[in-house]
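See below for the structure under consideration.
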Amino acid sequence: MDASDYKIEKMISAKSIAARVESLAIEISAYYGNTDKLIVVGLLRGSFVFIADLVRELNLPLEVDFLEVSSYGDNMESSREVRILKDLRGEIENRDVLIIEDIVDTGYTMHHVLTILGSRKPNSIQVCALLDKPTRREVEVSIRWIGFEIPDEFVVGYGIDYAQRNRNLSYIGKVSMI
């Protein structure tokens, strides 16, 4: 695949993302204001830009860890087979866990992650997703904080890729095949 195979149309501007990250951080900081055991878990790779921006805005004592999962590979459709590629380094037992995800669409990946992390006996688990595609949902999952609800479009940018490309875009764009 090369850049001539598709085009990208801007959906959500960098300015809109920054404003929403700031408001999410205010809500999350208020929610976790009484805890000193928060661990923020970023789901790699798509959430790395979002988690970096979000944790800088959180006014809380926290730790950051990462879990790398895959259900897409280089495809535009989820395989519905979730693989753990990198596990957490730290323990989450008796901790409050905030999972940061780039997109929740079918719900399979998030359901799998919630099941795995829930079995490790945290005090609580909540989810913050930058993007939500509720029309694609096949497995119900609880998302406490949502940045933006979007239609069923394949998107890139702000850390989200298509075949490892376009993560560096400052905005969220819709991919259209040419």
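The values are calculated or read from the model by the stated rules, or taken from the named source; none is laboratory data. Keep in mind that this is a model prediction, so the values were computed, not measured. Counting neighbours? That spans all protein chains shown, and the Cβs are built from the backbone with ideal geometry, glycine included.
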Under 6 Å by Cβ, and 6 or more places apart or on different chains, what pairs join a residue from the stretch 153-172 that is of a type in the set (Asp, Glu) with one that is at pLDDT 95 or above and outside any loop (DSSP other than H, G, I, E, B)? Glu153/Lys174
As an exercise: evaluate Ser176 against (1) at pLDDT 95 or above; (2) part of a strand (DSSP E or B) and give the number of the one condition it does not meet. (1)
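So, of the residues in the stretch 157-171 that are in a strand (DSSP E or B) and over 13 Å from the mean Cα position of the chain (by Cα), which turns out to be surrounded by the most Cβ atoms within 10 Å (Cβ to Cβ)? Even if it seems obvious, please write down each step before you answer.
Of the residues in the stretch 157-171, the ones in a strand (DSSP E or B) are 157, 160, 162, 165.
Filter again for over 13 Å from the mean Cα position of the chain (by Cα), leaving 162, 165.
Details: Tyr162: 21, Arg165: 16.
Only one residue fits best here, namely Tyr162.
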Please work out if Val141 is in contact with a Gly (Cβ under 9 Å, 6 or more places away or on another chain), part of a loop (DSSP other than H, G, I, E, B) and at pLDDT 95 or above. yes
Candidate set: the stretch 112-138, residues that are outside any loop (DSSP other than H, G, I, E, B) and of a type in the set (D, E, K, R); chosen: the one surrounded by the most Cβ atoms within 10 Å (Cβ to Cβ): Asp132
